[in-house]
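Remarks on the structure that follows.
Only the coordinates and a few stated rules stand behind these numbers; no lab work does. From a predicted model like this one, the values you see are computed outputs, not experimental measurements. Glycine also receives a Cβ, built like all others from the backbone with ideal geometry; neighbour counts cover every protein chain displayed.
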C-alpha cells in the first residue's frame, strides 16, 4: 500500500505512540516491585536508569546504521528488541539483576525506533516545513508515555505487575507491523555491497568533536541533556510521588496515581508544539532559558506541595510538565538546523546519546537523594530529590548566558 510522503507523519506518530507504551511500565510498578523484591530507592532508580543505559549503548550503532541503510530496517529490529525486553520482564524477571537485563533490552529497543523513526521521516519528506514534522514527532513522545501510564495502571489495577509488561509488549510489536506494512522502503538504497561498521562509525569521535566545537549546536545538545535528566527523573518517580502525596494528605484523589500521571503527561504534547512556535518568534535560545528556569521553580514548588490540597498539587504537576516539555521540540529542531550538513547524522546521534545519558542519570540521582536524605516517606527528601534534578537546567542557563550562546544565530537555518 502506497501513501503520499505527507501521510508518513501520521503513520510514524501512530507507530511511535505504540512503541512508547512500554516506557512507563516500570514507573507504574516501581513501588510494587520495591516492596516485593525489597529494593532500596537507589536500586529502584537504577532499574529505571538501566532502561536509558540500554538506549545509550544502542543508539550510536542505530544512528550509524541509518547512515548506510534505510532507517526502516533499523526500526524493525528496534521494535522486536523492545517487544522481547517487555516479555522478558513479564516472564523471567525475579530480582534486581534480572530486571536490569530486560530493562536494558527494552531501552535498546527504544533506541532502534525513536531516532530511526525521525530519520524515516527526514529521508522521505522533502517538501514543506520539516521542523514542524519534527515538532509533532517529538511532542508525540508525550502521547506515547501518557498512554503508557494509563494502560499500565489499568492493567496493574486489574491483574498483576507481570501482566503489565506482558500485555504492553503488544505496543512495540504493533509499531513493528505498522512500519513493516505501511512505510515503503527507499527507492534507492543508501549503501551498496556488504555493510561494514567499524568502531569509529559507532563512536564517531572526530565528528563529535566537530559538533561540540560548534558552540551553537553544542548548546542545544547540552540543553537537551539537562532537559532529559529532569524529564526522565520526574517521569520515573511521579507515580511514587503521588502515592506519597496521598499518604501525606490523608486522602486519596478521584483517580488513581497512574491515571493522574498519564493525564498530566498529555499536557506536554501541546506544550512542546506551541513552545516551538513561540521559539520561532522570540528566538530559540531565549525561550529555552526561560523554560528551564520556570521548570526548576515548578519542580521545587511541586515537591513542597505535599500535604496540601490535591488541586494545588495537580496544578503544580501540570505546570511542571508543561515547562519540562515546552523546550523539547525547540532543542531538537535547533540542533537539526544548526548542525553542519556533513556531520548532521553524527550530531543527531550525539544529541540523542547525551540526552538519554541525562535520562540514565536522572532516576538514579533522584533515588540516591531519597536514600541519602531520609526515605520516600519524608517530605524533605522529595524536596531535595526534585531540587537535585532541576538544578542542572539552572546551571545550563547560567553557563550559556555567560558564554554568549543566547545571541548566536542559527546560521544554517
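Cα-based radius of gyration for the range 29-172, normalised by 2.2 N^0.38 Å, reads 1.13. When the Gaussian network model of the chain links Cα atoms closer than 10 Å, the mean-square fluctuations of 256, 138, 225 top out at 256. Once both labels are positioned 7 Å from their Cα atoms along Cα-to-Cβ, the gap between residue 277 and residue 377 label points is 4.8 nm. Between the range 84-162 and the range 230-277, the C-alpha centres lie 18 angstrom from each other. Pairwise alpha-carbon distances in the chain exceed 30 Å for 37% of all pairs. If you plug the beta carbon distance of residue 98 and residue 398 into 1/(1 + (r/R0)^6) with R0 = 45 Å, you get a FRET efficiency near 0.60. A Gaussian network model of the chain, with springs between Cα atoms under 10 Å, assigns the largest mean-square fluctuation among 149, 94, 75 to 94.
If R0 is 51 Å, the Cβ-Cβ spacing of residue 308 and residue 212 corresponds to a FRET efficiency of close to 0.70.
Averaging the sequence gap over all C-alpha pairs within less than 8 Å and six or more residues apart, then dividing by the number of residues, gives the chain a relative contact order of 26 percent. Could you check which residue among 272, 338, 234 shows the biggest mean-square fluctuation in a GNM of the chain with a 10 Å Cα cutoff? Answer for the Gaussian network model of the chain: 338.
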